[in-house]
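Data first, discussion second: the structure below is written as structure tokens.
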Amino acid sequence: MNEVELAALMLAAAMLLGIALALAIWRARRPVTSPPALRAPRETHRLKLPRRAPEVAEIEIAPSRLARVSGKAPLEPPREPMLDRAFAAETPVEGIAEPIATEAASQTIRAEVEKVAAEAFVDAGAAAVTLHLVPQIPPRDAISTNSWLGGRPRLATGMAWPLIDGQPADFLAQIGCADLPRNLWGGLGPRHGALAIFIHRHRPDVRVLHVGEPGAPLAPPYALNLGEGWFGPYGDLAGGDLASFAVRAFPQWPVDLVEANAADPLPSGMADGLDTHGYDIADPAFHPFDWGSLTAMAAILESRLGRLLTEPAADCGAASADAIERCVAINREARERAAEIVGIIHDSAVRDPFSPGDATAVMAALHAIPWATIARKTSADGSETFELETLPLTTHRADADLWVRDYRTMLFDRAKHAWCADPANLSAPARAYFEPLWQRLAMREMASVGGERDGEPILLALPTSGLMSRRFGDDRTLLVTIAGADLAIGDFAKARAQLVR
């Protein structure tokens, strides 16, 4: 045997030794199994047994082991939601495994949601929160304002203006959810985006939209009809021949969400804030501020000139003939001079740009025109006398009013809309006069969010408001409510409205 054959023999022996060693190690580590049963004698016909699927044992891998494999920190198990705990505690496992109808499952889940939502709402009763929607007077920053009443909504990009019965709904308010306190509505409802609230234009049927990302302001796709819907301007502008002078729009008023304190009563408001004392509209606070307000003033004056006593009348009582004659003469001249100024205003409106200086000149000219009336006086002993009184055409007095009160009512409304668009539209004297009136009116007509009605959270309570040009029925309050379960899951499709005292 040569050296080559010897080397090959040694290599083969080493390989056999390695195989034997590996086989021994495998047998030592192999699990011990029970000895196989003796085989039965082979039969001519083999039985065909049904095959069974192999049973696979469940394998649970600990988070720590996963962390070692992936090199990342183990994840904490998710917290069990309140709804899941309630459902798991009351629903047997066997019931879950059984197939159930979709409608029954939906009703079961809804019942659980209603139960949890009701418990959350009731538990928060001791710390119930109501927010007043306080109009900003003056407004701070309309661009960054998150909540407002009236005007234009800011819906998400691509979101259409909501329809009710195929007609565009009327926009009421938009409320920034991020500014809502955590305990409002018992902690239910969203705290991001905004709620945009709309109403049918003729009945209390509402649509509430949760807007995730408010976009650009959206103009209403309709024009207000003065005789329809919820439009109701302040005072005498709501009816009569002054109705045509009202601005047919709902002003957009930024509001602050201020937590209400039950111990703080609301201010009593003004019985008639525009008639607290005598005044003269020649004062710069009452001057027209654009062609709209100036031409409206001219139209009101022109329509009231016919009330001037320009002929002797029986209602002059026991006034002397001389007093009556002087009254008639003064009023004839006043009527001619005033008609001339009215004509100049109408001619200039179609030809020249508006100038505050021109408005001042017009008011000064009207102030220089006297008008006269036969005033009835009652003496201490109860007897009556009739005296001639004269006063400037721009002066208002409760017992001698010709047109000035009507003009100021119109100006109050138009100034409000111009100021909401841009406070700089009004002069400093005008703002100093009107802003306190608006503040007092706003406090009397305060809208709110929160609280409950018949066990349901209140999304919005909006009273009839001359400031907002809203009238609900015979001066009622609009309540928008929603079931706690729907609020809990963010389903605002079932929000409802009612008019209450």
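Annotations for the structure displayed:
- Residue check, V247 at pLDDT 90 or above, assigned by TED's automatic domain parsing to the domain that holds H192 and not in a loop (DSSP other than H, G, I, E, B): no
- Taken over the stretch 283-339, the criterion of being charged (D, E, K, R) and part of a loop (DSSP other than H, G, I, E, B) is satisfied by D283, D290, E311.
- Residues being free of Cβ contacts under 8 Å to residues at least 40 places away in the same chain and not hydroxyl-bearing (S, T, Y) - total across the stretch 459-488: 8
- In the set D422, D381, D401, only one residue is out of contact with any strand residue (DSSP E or B) (no Cβ under 7 Å at 6 or more places or on another chain), charged (D, E, K, R) and closer than 27 Å to G240 by Cα; that residue is D401.
- V342 vs. criteria surrounded by 15 or more Cβ atoms within 10 Å (Cβ to Cβ) and in contact with a His (Cβ under 9 Å, 6 or more places away or on another chain): no
- Condition check for S465 on (1) closer than 19 Å to R207 by Cα; (2) crowded, with 24+ Cβ neighbours inside 10 Å; (3) more than 13 Å from the chain's Cα centre (by Cα): one failure, at (1).
- Filtered by the rule that a residue be out of contact with any strand residue (DSSP E or B) (no Cβ under 6 Å at 6 or more places or on another chain), charged (D, E, K, R) and either in contact (Cβ under 8 Å) with a residue 60 or more places away in the chain or within 24 Å of E452 (Cβ to Cβ) (or both), the stretch 142-183 gives a lone residue, R182.
- Among the residues of the stretch 152-183, those that are over 16 Å from the mean Cα position of the chain (by Cα) and either part of a helix (DSSP H, G or I) or of a type in the set (G, A, S) (or both) comprise G158, A160, G166.
- Subset of the stretch 195-244 (residues that are among the aromatic types (F, W, Y), without any contact (Cβ under 8 Å) to a residue 60 or more places away in the chain and part of a loop (DSSP other than H, G, I, E, B)): Y222
- Exactly one residue out of A321, A329 is without any contact (Cβ under 8 Å) to a residue 24 or more places away in the chain and within 20 Å of E384 (Cβ to Cβ): that is A321.
Here is a yes/no grid of residues against (1) surrounded by fewer than 19 Cβ atoms within 10 Å (Cβ to Cβ); (2) modelled with pLDDT of 95 or more; (3) within 30 Å of R440 (Cβ to Cβ):
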residue: A243; (1), (2), (3): yes, no, yes
residue: G273; (1), (2), (3): yes, no, yes
residue: D283; (1), (2), (3): yes, yes, yes
residue: L294; (1), (2), (3): no, yes, yes
residue: G317; (1), (2), (3): yes, no, no
residue: E336; (1), (2), (3): yes, yes, no
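The values are calculated or read from the model by the stated rules, or taken from the named source; none is laboratory data. Predicted model only: the values in this text are computed from it and were never measured. Backbone-built Cβ (ideal geometry, glycine too); neighbour counts: all protein chains shown.
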